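What follows is a short report on a single structure.
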Amino acid sequence: MADRTVDHLLIGGGVAAATCAQALREEGATGSVLLVGRELDPPYHRPPITKGYLAGTEARADAAIALPGDVEVLTRTSVMALDPAARTVTLSTKETVGYDTALLATGAMVRRLQVDGTQLDGIHYLRALGNADALRRDVEGAERVVCVGGSYIGCETAATLTTLGKRCTVVLLEEQPLERGFGLQVGAWVRGVLEAHGVEVVTGAEVERFEGDGDRVQRVVLAGGRTLDAEVVVAGVGVNPDVMVARKAGLEIGPAGGVRADAQLRAAGAEGLYVAGDIAEYDSPVHGRVVRVEHEEVAAAHGRTAARNMLGAGADHVEVPYFWSDLADWASFEYVGPAHGWDDERVEGDVSSGAFTVWYVRDGKVAGMLSAGGHGDVERAKALVASGGAPPSGG
Ligand SMILES: Cc1cc2nc3c(=O)[nH]c(=O)nc-3n(C[C@H](O)[C@H](O)[C@H](O)COP(=O)(O)OP(=O)(O)OC[C@H]3O[C@@H](n4cnc5c(N)ncnc54)[C@H](O)[C@@H]3O)c2cc1C
């Protein structure tokens, strides 16, 4: 017998759970809603962590996600165990809570570099606001920063820290930054933007170890022997979905490491339990395959669909994933997809001007679209991805 029972239990204090809480009330839910998150802060947006919050132009309050006043929020509290059959959880406070419906939205954890020297001071990972606070403090007296990883975190952080007067180097395994998601053309553009603002970009490079004199990092040593001076290192080398609670509960884990869910975001084999955000590996009717995406708007959209279904709507999740990124105020782009492989890239506009569109085409159909500098029509691209349409002529 649980200590208490709520109508809707939201596990995880990120944007997916927070948006679900908002949507439950917007959809007319009158029952009790309890959101349990293990962080110090109530739910907030993570994108500012590499952008405005890191730059000091946005405050903590700007990142906060407003919740309806009648949603109960427990911070610094973990769900330690979930029993899907009994529909109960056990909290780190030892309290047991029963639920009618629940959302599992435990997000992701940063992947850690597995090389010598990672114990040295001055090596940072960015996931929570507190990580950005620590990085800001650490770069204050520093001149040289090395960002490891050529994806969003590495590129955005290098751009932001450059605007704070730091000399930044981005080190990546690939031939171009962001190449894995958007191809070599867009990657070359991103590299050009970074270099034009003084960021050094070292491609095809693997970090072999970190070295320091004493406790603090001073050098990044690359395979092949090249050495980069670094007073501060930021590693952005991907995340792993946080499926600890799900795994312990016996939920099905998918090939992409997330929690398997059907098109309505229902966890496989667990009555009343929904999955959202970075951990959700769901049957996407839009893509005709299983999809897991690690983006803010996608997590929010999952939260909305899950809320409706927790109230009995029985709706498939049909929103086309959307994502954006900013490199300081130097460049911005939006993306619709994810393409997951393509055989053709069609460009509209002039890549060198920073205002252009790339259509990612597979078998003659739009699989994704990237719009830089506000050039493209994102809503049209979403419709084409959803309908499996051909790219517009000229595209
Ligand atoms: C630095 C950074 C910058 C980003 N920038 C962008 C961007 O520009 N554009 C974009 O689209 N996306 C961006 N993202 C990605 C986006 O933030 C994530 O996709 C989004 O936060 C996922 O939301 P979520 O709710 O699934 O998970 P999370 O935001 O990770 O939230 C999950 C929460 O659950 C908590 N939790 C985990 N286990 C438990 C438990 N057992 N009990 C209680 N609580 C638990 C975690 O502590 C965490 O607070 C960025 C991410 C980071 C880290």
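The values are calculated or read from the model by the stated rules, or taken from the named source; none is laboratory data. Just so you know, these numbers come straight off a predicted model, no measurement behind them. Here the Cβ is made from the backbone with ideal geometry for all residues, glycine too, and neighbour counts use every protein chain on show.
Tabulated values for the structure
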{"item": "All positions within segment 27-46 that are in contact (Cβ under 8 Å) with a residue 40 or more places away in the chain and either near the ligand (Cβ under 9 Å from one of its atoms) or within 12 Å of Ala128 (Cβ to Cβ) (or both)", "result": "Val36, Gly37, Arg38, Glu39, Leu40, Asp41, Tyr44, His45, Arg46"}
{"item": "Some residue of segment 354-367 being surrounded by fewer than 17 Cβ atoms within 10 Å (Cβ to Cβ) and either touching a Cys at 6+ places or on another chain (Cβ under 8 Å) or touching a residue at least 60 places away in the same chain (Cβ under 8 Å) (or both)", "result": "no"}
{"item": "Residue ID - nearest to the chain's Cα centre (by Cα), chosen from residues in segment 274-293 that are in a strand (DSSP E or B) and within 13 Å of the ligand (Cβ to nearest atom)", "result": "Ala280"}
{"item": "The one condition in (1) modelled with pLDDT of 95 or more; (2) not in a strand (DSSP E or B) that Ala339 fails to fulfil", "result": "(1)"}
{"item": "Filter pass, Trp359 being assigned to a loop (DSSP other than H, G, I, E, B) and aromatic (Phe, Trp, Tyr)", "result": "no"}
{"item": "Pair list, Cβ < 8 Å and 6+ apart or interchain, from segment 294-310 residues that are farther than 16 Å from Ser284 by Cβ and assigned to a helix (DSSP H, G or I) to residues that are among the basic types (Lys, Arg) and within 13 Å of the ligand (Cβ to nearest atom)", "result": "Glu296/Arg46"}
{"item": "Which numbered condition Lys248 fails, given (1) within 13 Å of the ligand (Cβ to nearest atom); (2) surrounded by fewer than 17 Cβ atoms within 10 Å (Cβ to Cβ); (3) under 16 Å from Ala108 (Cβ atoms)", "result": "(3)"}
{"item": "One residue from Thr57, Thr19 being among the β-branched types (Val, Ile, Thr), in contact (Cβ under 8 Å) with a residue 12 or more places away in the chain and at negative phi", "result": "Thr19"}
{"item": "Where a residue in segment 109-137 is on the phi > 0 side of the Ramachandran plot and its partner, wherever it lies, is surrounded by 15 or more Cβ atoms within 10 Å (Cβ to Cβ) and assigned to a loop (DSSP other than H, G, I, E, B), with Cβ under 7 Å and at least six apart", "result": "Gly122/Glu231"}
{"item": "Those residues of segment 47-70 which are under 19 Å from Ala306 (Cβ atoms) and within 15 Å of the ligand (Cβ to nearest atom), in sequence order", "result": "Ile65, Leu67"}
{"item": "Residue satisfying condition, being farther than 20 Å from Gln264 by Cβ, within 14 Å of the ligand (Cβ to nearest atom) and touching a strand residue (DSSP E or B) at 6+ places or on another chain (Cβ under 7 Å), within set Val361, Val378, Val366", "result": "Val378"}
{"item": "Any hit, segment 329-339, residues being in contact with a Ser or Thr (Cβ under 7 Å, 6 or more places away or on another chain) and over 28 Å from Ala276 (Cα atoms)", "result": "no"}
{"item": "Only listed residue being at positive phi and either of a type outside the set (Phe, Trp, Tyr) or buried (at least 21 other Cβ atoms within 10 Å of the Cβ) (or both), chosen from Gly181, Gly212, Gly225, Gly192", "result": "Gly225"}
{"item": "Among the candidates Cys155, Cys147, Cys168, residue that is part of a helix (DSSP H, G or I), within 20 Å of Ile49 (Cα to Cα) and not basic (Lys, Arg)", "result": "Cys155"}
{"item": "Where a residue in segment 313-325 is part of a loop (DSSP other than H, G, I, E, B) and its partner, wherever it lies, is near the ligand (Cβ under 8 Å from one of its atoms) and among the hydrophobic types (A, V, I, L, M, F, W, C), with Cβ under 7 Å and at least six apart", "result": "Pro321/Val293; Pro321/Val298"}
{"item": "Candidates Thr106, Thr101 - the one that is outside any strand (DSSP E or B) and of a type in the set (S, T, N, Q)", "result": "Thr106"}
{"item": "Residues satisfying the stated conditions in segment 104-138, i.e. touching a strand residue (DSSP E or B) at 6+ places or on another chain (Cβ under 8 Å) and over 28 Å from Val15 (Cα atoms)", "result": "Val115, Asp116, Gly117, Thr118, Leu120, Asp121, Gly122"}
{"item": "Wholly enclosed helices (runs of 4 or more DSSP H) of segment 1-83 bearing at least 1 residues of a type in the set (Ser, Thr, Tyr), at pLDDT 95 or above and buried (at least 16 other Cβ atoms within 10 Å of the Cβ)", "result": "15-26, 52-55"}
{"item": "Arg191, sole failed condition from (1) under 22 Å from the mean Cα position of the chain (by Cα); (2) more than 16 Å from the ligand (Cβ to nearest atom); (3) closer than 30 Å to Ala17 by Cα", "result": "(3)"}
